[in-house]
Amino acid sequence: MRERERSGEVEFGAMEGGRESEVIGVVQSAKRNGVDVERDGGAREPLLVGERQDEEYTWGSVALPFLFPAVAGSLYGYDIGATSGAAVSIVSERLSGTDWYQLTSLETGLVVSGSLYGALVGSFLAFKIADYLGRRKELMMAAIMYICGAFVAAFAPNLATVVVGRVIFGIGIGLSMHAAPMYIAETAPSQIRGTLVSLKEALVVAGMLLGYFVGWAKIDTLGGWRFMFGFAAPIAALMGVGMWWLPPSPRWLLLRAVQGKGVEDDLKYRASIAHRRLKGANRCTKEMAEYETEETWRALYIACQGESVDVSFAELFQGVNMKALLVGGGLVFFQQFTGQPSVLYYAAPILQSAGFSVASDATQVAVLLGFFKLFMTIVAVLYVDKLGRRPLLIGGVTGLTASLVILSVYFSLMKSDPFLAVVALLLYVGCYQISFGPISWLMVSEVFPLRTRGRALSVTSLINFGSNAIVALAFPPLQQLVGVTYTFVIFGIISVIALAFIVTIVPETKGLTLEQIEAKLLAKTT
């Protein structure tokens, strides 16, 4: 293995093709988390990295490390879609197949939202155990929660057991939405990392569409809600087997080596094996894998110098961690508080008022919107690594704001022109799916330093699911208090604030390695 001088300057390189990318070392006094970070008596030197050379890769080598974690996300989407049909089936005297079908609105709400509150629990658990388990084992645990939750809900003899099953399933959601973007981001080649993490969002939408289809297919079946909940179990089993077969994240292994949480040589050896498996043994030699392992270890060694092994909660709000949390937490906050759940709440009546015959059946309306959401997500996937994150966010949120203005005008002045509302609805859904939908989770997976990424992303997940719950809970009383028109006006104002936040705070991360992104954020905080 090629040895280098262990100094305050690091060379990031790509071994493939004999090319090495140059590092522009920018020497400046660094403060990390409010204190000077020193090594060998000198101040730590953060790095601003220049243009990098593309890594060589094949789509065959990146397919499975992307697919199985993405399936974890698709089960979150499936739950959204299937629950919309199950909520109708379980309260039907003719279709429920139970003698406790007469549920109150609160009880129905517990069935629908049980997985959401389970996701909050899962996000909290991720904060405690994710760095110990690693991304791969966390996803395997999520698969177990998915399977158990699906079976408990599907075979539940009473309402309480259904809710318990929904909460267990939700714990799987919280764990998987925490670990999946990290595993994909840490194992993907830099030049297609945005494409792959965004494509995970496409699989979330595809899972939602599958849930809508299953609900539509089983809506007239006696006890169909049991099948809708239980169908997730075999998908989760496939995901669990796939994650068992995949290697751990090499970056996570090397972080543990740097932090002294294991035998360094053994962890480096395992990371080299993981590199070869992820890149393909026929394209990545043992020497190339060892070289990449050593270079990544060296970057992490410098990044973690002078810092404690364990990450405290307070540390997430200091230095570069605070900057990253502001970016990631702000994006998932605005993702929910720009009204996405509430706008879709009006989808069916808007389409019905426009005379669409398909809108006579709510499940068919959901399928229609699901197809459109999937199409627009694919558009984002195709352009996120070409145009960058910021252009799609700025353009999408601008269109989203315009659609909210149009919807408020429609409900206040132009109810006689439903075509305008349909255009506004489709504009909203389309702009959301090329901006907040995929890119929020992409940037969340990118901006956090590796050392704090596990715990920081669990905090971000808590912000996401907590915001979702607040918006879902607050929308009915808000709409009753100020009316539909001003509700959308409020969402429009929040969208303008979100646009200003993106323009002034959110950095561009296109084409940068995760270590380069950390260096870029660190430079802006010093």
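The values are calculated or read from the model by the stated rules, or taken from the named source; none is laboratory data. The structure displayed is predicted, hence computed values, not measured ones. Don't worry about glycine lacking a Cβ; one is built from the backbone with ideal geometry, like all the others, and counts go over all protein chains shown. The area values use the complete protein model at the heavy-atom level, side chains included, leaving out ligands, DNA and RNA. Shrake-Rupley method; radii C 1.70, N 1.55, O 1.52, S 1.80 Å.
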Is there a residue being open to solvent by 10 Å² or more (accessible area, probe 1.4 Å), more than 25 Å from A271 (Cβ to Cβ) and out of contact with any strand residue (DSSP E or B) (no Cβ under 9 Å at 6 or more places or on another chain) anywhere in the range 182-189? no
Going by the structure shown, is P234 over 28 Å from I90 (Cα atoms), at pLDDT 80 or above and of a type outside the set (F, W, Y)? no
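With respect to M145, is the statement that it is in contact with a Phe, Trp or Tyr (Cβ under 8 Å, 6 or more places away or on another chain) and without any contact (Cβ under 8 Å) to a residue 40 or more places away in the chain true?
It is true that M145 is in contact with a Phe, Trp or Tyr (Cβ under 8 Å, 6 or more places away or on another chain) and without any contact (Cβ under 8 Å) to a residue 40 or more places away in the chain.
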Some residue of the range 121-144 being part of a helix (DSSP H, G or I), open to solvent by less than 30 Å² (accessible area, probe 1.4 Å) and under 27 Å from D220 (Cβ atoms): no
Only residues in the range 211-237 that are over 15 Å from A153 (Cα atoms) and open to solvent by 50 Å² or more (accessible area, probe 1.4 Å) count as the first member; pair them with residues that are of a type in the set (V, I, T) and part of a helix (DSSP H, G or I), Cβ under 8 angstrom, at least 6 apart or cross-chain, and list the lot. F213/V367; W216/T363; W216/V367
Set L387, L413, L457, L426: member being open to solvent by less than 10 Å² (accessible area, probe 1.4 Å) and modelled with pLDDT under 90: L457
Does any residue in the range 426-446 that is of a type in the set (F, W, Y) come within less than 7 Å, Cβ to Cβ, of a residue that is modelled with pLDDT under 85 and in a helix (DSSP H, G or I) six or more places away or on a different chain, and which pairs are these? Y428/V343; Y432/Q340; W441/P181; W441/V197; W441/E201
Any residue that is among the small types (G, A, S), in a helix (DSSP H, G or I) and more than 22 Å from K137 (Cβ to Cβ) - is there at least one of those in the range 218-236? yes
Would you pick out the residues in the range 394-410 that are free of Cβ contacts under 8 Å to residues at least 40 places away in the same chain and open to solvent by 40 Å² or more (accessible area, probe 1.4 Å)? A402, I406, V409
Taking A421 as the residue in question, decide whether it is open to solvent by less than 10 Å² (accessible area, probe 1.4 Å) and out of contact with any Lys or Arg (no Cβ under 9 Å at 6 or more places or on another chain). no
